[in-house]
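Novice: Input: one structure, supplied below.
Just so it is clear, none of the values below were taken in a lab; they were calculated from the coordinates. Keep in mind that what you see is a predicted model, and the values were worked out from it rather than measured. As a convention, Cβ positions derive from the backbone with ideal geometry for all residues, glycine included, and neighbour counts pool all protein chains shown.
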Amino acid sequence: MEGIITPPEHAVDSGTLIWRYMDLPKFVSMLSTGDLWFTKAARLQDDPWEGFCEATNLEFPPDEYGPSPVEVQGPVKISFERMFAELSYHSAETCRNARDHLYVNSWCLASESMAMWQIYSSLAYGVAVKSSVGQYQGALKSELRRQFLFGKVKYHDDLSASSDIRRDFSDGVIPMGSNLFGQVLTLGLHKRSCYEYENEWRAALYQDSRPDAPGVQISVDLEQLISAVYVCPRAEDFFVEVVSSIMDKFDLRKPLERSALLTPPAAIKRSPGQ
C-alpha cells in the first residue's frame, strides 16, 4: 500500500501479529461504524510528550519586511534569501505544531499481553482484536493513503535529549509536501521508556490542523482486518455470549476465543507425543 516510507528502525514484517485491546462499547462502535479511531496527539493526555518536536529554521534577512514571516496580500516581491527563510519557517512551524497534525491508531506487537488486559479490562470485561501488520495495511479503505506511516514505536530513556525529536531546517534541503508529512509522522513513533510495556505498533496519519477535532474515523474492511476476537482471561460465560451475539448482529464471522493466559498448566490439552 502506497504511503510514507517507514524508516528501517521502525519497520516490521507484514506477517507480524498485532493486538488491539478495548472495552465492550469501543468494540461495538468499531463493528457498527466499520471505522478505526485515530486520536489526535494533542488529545493523548496520558502522555504530554506525544508528537513533541524542537525545530530550528533559517533566520529572516534584515530587509524591509522585518524579522518575521510575511503576510502576503497579493503579489509581493521578496529576495531568494527571504523566500528560503519563509519556507524554512513554515516547515519548522509545522513540526513544532506536530501535535495538531498527527493522528494515531495504536496496537500491541506480537504476543498477547496480560498487562494490556489489566489496563483495558481489569481482566473481566475487555475484548481484544487479533490481526497482522499486513492485514491492517490492506484493510484500510481511506483515500488518504499517501498520508499514512506505519511502524513500531522506539522507546527512549531520555526522549528530551534524542535527535529523533529534533528537526533542523536552517541548512540544506527544506522538506515540503509528502516529505514534510513524513517528518511530522515519524515524531509519532518515539516515546519515553516508561511506556515500553505497551510494545506498540502504530498507524499514523497527517491531517491539516483542526483545533476542535479530537480525532478522525478511518474506514476499514473488518473482514480483512480481523483474524480473531478474544475476550479477557476472567470473562464469565455470559460475557462470552454477549460478545458472540454482538458479532452475529454485525455479521462478523471470525473465531471468538477466551484468553487462556490464566489457564493452569493441568488444564492445557496436549496432543500425544508432546
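Novice: Among DSSP bridges having both ends in the chain, what percentage is antiparallel? Round to the nearest 5. Working shown, then result.
Specialist: Values: 33 of 43 bridges.
So the antiparallel bridges amount to about 75 percent of the total.
Novice: Can you list the residues, at least 5 places off or on another chain, whose amide H is less than 5 Å from the amide H of residue 192, using H built in the peptide plane?
Specialist: 156
Novice: Next up: Quick one: putting +1 on the C-beta of Lys and Arg, -1 on the C-beta of Asp and Glu, what dipole do you get for the chain around its Cα centre, in Debye to the nearest 20?
Specialist: Working: 27 positive and 37 negative charges, 196 e Å.
Value, rounded to 20: 940 debye.
Novice: While we're looking at this one, here's another question. List the relative contact order of the chain as a percent without decimals, with contacts defined as Cα pairs under 8 Å and 6+ residues apart. Walk me through the numbers on the way to the answer.
Specialist: Values: 485 pairs, mean separation 84.9, N = 274.
31 percent.
Novice: Are there any GluC sites (Glu not before Pro) in segment 107-209 that are in a DSSP loop and have at most 16 other Cβ atoms within 10 Å? List them by number. Let's see the in-between values first.
Specialist: Working: sites: 112, 143, 196, 198, 200; in loops: 112, 143.
For GluC sites (Glu not before Pro) across segment 107-209 that sit outside H, G, I, E and B with at most 16 neighbouring Cβ atoms in 10 Å, the list reads 143.
Novice: Can you bin segment 186-236 into rounded, prolate or oblate? Criterion: square roots of the alpha carbon gyration tensor eigenvalues sorted a ≥ b ≥ c, rounded for a/c under 1.5, prolate for a/b above b/c, oblate for the rest.
Specialist: Values: a/c = 2.10, a/b = 1.30, b/c = 1.62.
Oblate.
Novice: Which listed residue (90, 263, 170) has the Cα farthest towards the positive end of the charge dipole for segment 8-267, taking +1 on Lys and Arg C-beta and -1 on Asp and Glu C-beta about the Cα centre?
Specialist: Of the candidates, 263 comes out farthest on the positive side.
Novice: Could you run the Karplus curve 6.51 cos²θ - 1.76 cosθ + 1.60 with θ = phi - 60° over segment 196-211 and give me ³J(HN,Hα) per residue in whole Hz, x for Gly and Pro?
Specialist: 5, 4, 6, 6, 8, 10, 10, 9, 10, 10, 8, 9, 4, 5, 10, x
Novice: Still on this structure, I have one more. With the cut-off at 1.5 for a/c, could you classify segment 153-217 from its C-alpha gyration tensor as rounded, prolate or oblate? Write out the running numbers ahead of the final one.
Specialist: Working: a/c = 2.19, a/b = 1.13, b/c = 1.93.
Oblate, because a/c is 1.5 or more while a/b does not exceed b/c.
Novice: Highest mean first, what order results for 39-45, 154-160 on Cβ atoms within 10 Å? Please report the intermediate quantities before stating the final value.
Specialist: On the way: 39-45: 17.1, 154-160: 14.0.
So the order, starting with the most tightly packed, is 39-45, 154-160.
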